[in-house]
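The values are calculated or read from the model by the stated rules, or taken from the named source; none is laboratory data. Note that the structure is predicted; figures quoted are calculated from it, not measured. Cβ atoms come from the backbone with ideal geometry, glycine included; neighbour counts cover every protein chain shown. Side chains included, ligands, DNA and RNA excluded: accessible areas come from the protein's heavy atoms. Shrake-Rupley method; radii C 1.70, N 1.55, O 1.52, S 1.80 Å.
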Amino acid sequence: WGLLGEILMARGRPAEAAAVYADGHARHPRSAYAVAIWRAYTTAGDARRGLPALEAWWQAHPADPDARAALAIAWPQLGEWTKAQALYESLAAARPDEPMILNNLALLYLRTGDARAVATAQRAQTLAPEHPVVLDTLGWVLVQRGETTRGVEFLQAAQARDATNPELRWHLGYALNRLGRKSEARRHIEQALASNAEFDGIEDARHLLVALPR
């Protein structure tokens, strides 16, 4: 089942691959099949359909690192913020000095309105002071919490370290607009959208760009 599923995936037939993996999982339950089902359905554009098998496996095997890693991706992608937060809290408890775990947890706290977002983002930045994504997260959390001037400093530092990342440019443009720096905001948002790459907040970026003066 595994080999046939991989062949179907390679041939661009993920829905068929998912069915093959599901058959294999039903006959010989294992972590690899549970993860593969989710991966195949995600590739087919129906990630939620692949979630039950993965969640069921993880509930029965909560120490399984592959299932846990897959759910750490799947739940945020599907907007399952509360589940994702609980998972990342357990990861952070086990690995308290891992900056990217703390970074992602801070973003989840922001999503759920948890006041620990700022402190968690600050802890991540202390552990990885030069990482552009970590700098961006701290800046974005501060902006969303109303500390826009301070947040812009971190967003500018993030963008300077990764000038090709459109999401970082969007965050900086958004924050500059909140400070009334309209022309700078437009420049950064235009550059973010000019990349033609998908990023979280792209529709908000498009709407804001229309509202900004030329």
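Below are the figures for this structure:
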| read-out | value |
| --- | --- |
| Selected from 99, 166, 14 as most flexible by GNM, with the chain as the system and alpha-carbon contacts under 10 Å | 14 |
| The chain, accessible area per residue, ligands and nucleic acids excluded (1.4 Å, Å²) | 51 Å² |
| Carbon and sulfur %, accessible surface of segment 99-176 computed with the full protein complex present, 1.4 Å | 50 percent |
| Cα-centred dipole magnitude for the chain, charges only on beta-carbon of K, R (+1) and D, E (-1), debye, nearest 20 | 420 debye |
| Dipole of the chain [Lys/Arg +1, Asp/Glu -1 at C-beta], most positive-end residue of 180, 112, 102 | 180 |
| Mean separation of Cα contacts under 8 Å (6+ apart) over length of the chain, as relative contact order % | 9 percent |
| With Cα atoms, 0 to 90° folded angle of helix 51-60 axis to the chain main axis | 70 degrees |
| Dipole in debye (nearest 20) - segment 158-214, about Cα centre, beta carbon charges: Lys, Arg +1; Asp, Glu -1 | 400 debye |
| Normalised per residue, the volume of the convex hull around the Cα set of segment 21-132 (Å³) | 102 Å³ |
